[in-house]
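The values are calculated or read from the model by the stated rules, or taken from the named source; none is laboratory data. Please read these numbers as outputs of a predicted model, since none were measured by experiment. For neighbour counting, all protein chains shown are included, and Cβ atoms are generated from backbone atoms with ideal geometry for every residue, glycine included. Remember, those area values only see protein heavy atoms, side chains included, never the ligands or the DNA or RNA. Shrake-Rupley method; radii C 1.70, N 1.55, O 1.52, S 1.80 Å.
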Amino acid sequence: MTSHSADTSQSGSIDHVLHERRLFPPSAEFTKNARISSVQQYEDMVAAARDTRDDFWRKEALEHLHWFEPFGDVCQWEAPHAKWFVGGKTNACYNCVDAHVAAGRGDKLAIIWEGEPGDQRKLTYRDLQIEVAKCAEAFAQLGVGQGDVVSIYMPMTPELAIAMLACARIGAIHSVIFAGFSAESIADRNNDASAKLMITSDGLYRRGKVLPLKETVDEALAKSTSVEKCLVLRRTGGEVPMTEGRDVWWHDVVDTQPGELAAVPLDSETPLFILYTSGSTGKPKGILHTTAGYNLWARRTFEWVFDYRDDDIYWCTADCGWITGHSYIVYGPMTAGATCMMYEGAPNHPAEDRFWDLVERHKVTVLYTAPTAVRAFIKWGDEHVDKHDLSSLRLLGSVGEGINPEAWMWYHSKIGGGRCPIVDTWWQTETGGIMMSPLPGITPTKPGSCTKPLPGVIPNIVDELGNEVDSEHGGKLCISEPWPGMLRGIWGDPERFVEQYFSDVPGQYLTGDNARCDRDGYYWIMGRIDDVINVSGHRLSTIEVESALVSHPHVCEAAVVGRPDDLKGQAIAAFITTTGRDTDDEFLKELKMHVRKQIGALAQPDDIRVTAALPKTRSGKIMRRLLRDVAAGRELVGDTSTLEDLASISQLQESE
Ligand code: PRX
């Protein structure tokens with residue numbers, strides 16, 4: 001390992017990232033055994049994917065997916081519409097499950113699961129095949145077939161993965177809703193997608209408590225016009241109301257099936273799932289991914305980036321409610337035939353060493369987690385890590401936001417023992433899988449950089465007007481060529497799809513992130529260009545939170561911005577004007593609860609400041625830049641001459 005100009009004294013600010021020069025090459029030992037073990041191999045793949053795209057992906061698809069019927073064209077691209085592996089028939093569930101059983105690997109463990117209270121289950125690929133078939137059979141009995149949307153609001157139990165795969169088995173489209181969202185958010189998603197079936201559980205365990213899920217779902221279903229049936233898993237054993245004719249228990253309708261239903265051959269472009277994510281407007285959008293291209297991208301990026309080996313015990317700590325769980329708990333690793341750890345609960349229950357206890361007991365070899373978790377571990381103290389033997393680990397991953405150099409260094413030395421490469425993976429719900437990341441056998445890493453694009457990813461940095469710029473200076477990050485895992489649309493909103501992603505630079509995918517590329521060709525993600533904030537690696541639109549605030553009868557106007565936070569990356573700061581009601585602590589508490597109820601706990605503002613007026617330009621636009629400075633406690637910078645009400649700013653500063 002070499003280390004240049006090691007300077008750990010500065011904060012994890014963008015400035016710091018810009019000055020980061022340390023370089024950590026992989027060890028010779030790691031490189032020797034790696035899947036991609038020479039720079040030449042990587043460069044050949046990059047060149048082949050760029051110069052002979054169709055040949056490259058044809059070979060990949062034929063080798064790494066099962067085809068019931070062959071495809072014709074590899075890629076039909078009429079920007080922004082892509083079709084991959086045209087006319088072929090495959091099935092993502094078959095690729096994830098049946099293919100391994102058919103190849104004689106049915107006894108291999110697919111899932112090692114641990115619930116928060118400590119209960120454990122292990123499922124082989126053969127077990128998974130039976131469970132998934134049973135679930136798909138139950139779907140048929142509940143009137144769900146190809147093209148129907150199934151909303152899933154469940155704890156991190158094997159049944160969550162089983163339900164997703166059962167949809168894929170018959171061509172139903174899953175829409176997984178993270179089990180922290182509110183009844184309102186569930187209903188919005190159900191209605192937008194016209195979901196027919198809802199799957200949930202009685203509750204889940206979190207920090208030793210049972211959180212009810214069914215009650216929340218009942219409230220959502222009262223407002224969901226399309227949902228006909230609700231399938232309920234018994235997880236916590238609590239009493240829950242069941243609505244006659246609508247609600248059925250998993251153990252009654254799934255466990256009693258024969259478990260024989262085969263995977264249905266599906267056209268390559270059959271919708272696989274919708275996943276709602278925040279954009280720059282108040283309404284979350286349903287990102288659509290289809291079968292073959294997504295499945296191949298998830299598998300190959302998993303194998304390349306995590307240097308997958310047959311004997312790995314791989315653990316991605318994300319929740320299946322986010323894209324990371326879709327691509328790197330279910331579709332990527334399972335298509336590769338990996339053994340995946342799955343954990344239900346909090347990282348600090350019963351104590352702050354829960355993750356390290358899991359790693360030690362299950363001999364986890366590859367760990368994929370988020371910077372916000374790493375920062376929490378640092379805060380909780382090294383003693384929780386020191387208690388455990390983490391020598392099984394060989395590779396570490398990071399996702400969700402840039403990992404600040406301090407957290408990177410701690411992750412590297414304390415968790416990785418200085419020997420495990422770190423793959424800082426940059427990607428998005430829309431990209432389906434990892435787009436830029438070190439390849440652990442060959443890429444010398446720089447803390448804070450997601451390094452280089454994977455084969456098939458052609459980044460392009462442009463200025464405000466869409467012209468290519470000096471990429472060292474930085475600008476908006478676009479991707480200029482289609483790739484198999486790219487989103488195929490926004491559910492029910494084709495215009496927004498074109499407008500949002502493909503109109504800034506016609507024909508190129510606009511990521512919404514700013515980035516720069518240094519002289520070594522390493523990319524540095526510099527944050528969003530839009531009103532999206534990243535709270536603990538979760539994407540939220542400021543406008544979404546503002547809408548929730550103004551839906552309270554005593555709030556007139558609201559402006560929401562992100563402010564730097566040591567743990568969450570960004571915290572939510574809200575500025576409001578009110579109808580004049582007494583704005584004491586009780587009121588602020590009530591408002592926070594109101595946002596929780598409207599969106600979910602993850603959107604609850606950290607600070608709310610009441611002000612007489614919001615700072616606006618003469619044309620009436622809220623000056624968010626100023627509010628960001630106020631929220632961060634920074635000196636106000638820039639031109640304030642167009643401010644309509646300077647007094648409102650000085651009042652905001654006084655209220656700090
Ligand atoms: O801003 C980038 C940030 O997260 C956004 C995507 O969020 P989401 O669709 O929820 O997907 C998260 C998991 C893939 C991006 O636009 N982001 C994600 N990973 C990184 C990142 N920013 C910097 N470095 C990363 N490694």
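With a 1.4 Å probe and all protein chains kept in place, how do I525, I434 rank by accessible area, largest first? Walk me through the numbers on the way to the answer.
Details: I525 50, I434 0 Å².
Descending order: I525, I434.
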Completion exercise
Counting only DSSP beta bridges fully inside the chain, the antiparallel percentage to nearest 5 is 60 percent
Fill in the blank from the handout: For the chain, the accessible surface attributable to carbon and sulfur atoms (probe 1.4 angstrom, ligands and nucleic acids excluded) amounts in percent to 49 percent
Handout entry: Per-bin percent of Cα-Cα distances, segment 266-346 [5 Å]
Key = 3, 14, 22, 21, 18, 14, 6, 2, 0
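Can you tell me the accessible area per residue over the chain, all protein chains present, probe 1.4 angstrom, in square angstrom?
On the way: 24510 Å² over 656 residues.
Counting only protein heavy atoms, the per-residue value for the chain is 37 Å².
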Problem - Cα centroid separation, segment 235-264 to segment 292-369 (Å) - result: 27 Å
Problem - Net dipole in debye of segment 439-559 [+1 Lys, Arg Cβ; -1 Asp, Glu Cβ; about Cα centre; nearest 20] - result: 560 debye
Exercise for the section: Name the lysines eligible as straight-distance cross-link partners of K387: C-alpha to C-alpha under 20 Å, and not fewer than 8 places from it in the same chain. Expected result: K363, K379, K414
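With runs of 4+ DSSP H residues as the only contributors, calculate the mean residue ellipticity of the chain at 222 nm using -39,500 (n - 2.57) per run, divided by the residue total and rounded to the nearest 500. Can you show the working numbers first?
Values: 21 runs with 192 residues, N = 656.
When only DSSP H runs of four or more count, the value is -8500 deg cm²/dmol.
Nearest 20 debye, what's the magnitude of the dipole of the chain about its Cα centre given +1 on Lys and Arg Cβ and -1 on Asp and Glu Cβ?
Working: 66 positive and 93 negative charges, 134 e Å.
Here the chain has a charge dipole of around 640 debye.
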Fill in the blank from the handout: The local net charge around E383, scoring Lys/Arg +1 and Asp/Glu -1 for residues other than E383 whose Cβ lies under 12 Å from its Cβ, equals -2
Handout entry: Two-decimal ratio, the chain, of alpha-carbon radius of gyration to 2.2 N^0.38 Å
Key = 0.94
Problem - List M593, M154, M45, ordered by accessible area with a 1.4 Å probe, largest first - result: M593, M45, M154
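Ratio of segment 414-490's C-alpha Rg to 2.2 N^0.38 Å, to two decimals?
On the way: Rg = 14.6 Å, N = 77, 2.2 N^0.38 = 11.5 Å.
Normalised Rg, Cα atoms only: 1.27.
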Fill in the blank from the handout: Restricted to segment 274-376, the DSSP antiparallel beta bridge percent, nearest 5, is 40 percent
Problem - log10 of Debye I(q)/I(0), alpha-carbon scatterers only, for segment 132-198 at 0.20 Å⁻¹ - result: -0.74
Practice task
Using a 1.4 angstrom probe on the protein heavy atoms only, line up T445, T225 by accessible area, largest first.
Solution key: T225, T445
Handout entry: Cα centroid separation - segment 538-606 against segment 426-441, whole Å
Key = 32 Å
Exercise for the section: Return the loop-located GluC sites (Glu not before Pro) in segment 171-249 (DSSP other than H, G, I, E, B) with at most 13 other Cβ atoms within 10 Å of their own Cβ; answer none if there are none. Expected result: E239, E244
Fill in the blank from the handout: Here the net charge surrounding S437, from other residues whose Cβ is less than 10 Å away from its Cβ (Lys, Arg +1; Asp, Glu -1), is 0
Handout entry: Cβ-defined net charge surrounding V254, 12 Å radius [Lys, Arg +1; Asp, Glu -1]
Key = -3
Fill in the blank from the handout: Pairs over 23 Å Cα to Cα, from K89/K285; K83/K285; K108/K134; K196/K285, come to K89/K285
Handout entry: Spatial extent of segment 368-499: Rg and Dmax, with the Cα atoms as the point set, Å
Key = 17.7, 54
Fill in the blank from the handout: Reported to the nearest 10 Å², H538 has, with a 1.4 Å probe, an accessible area equal to 50 Å²
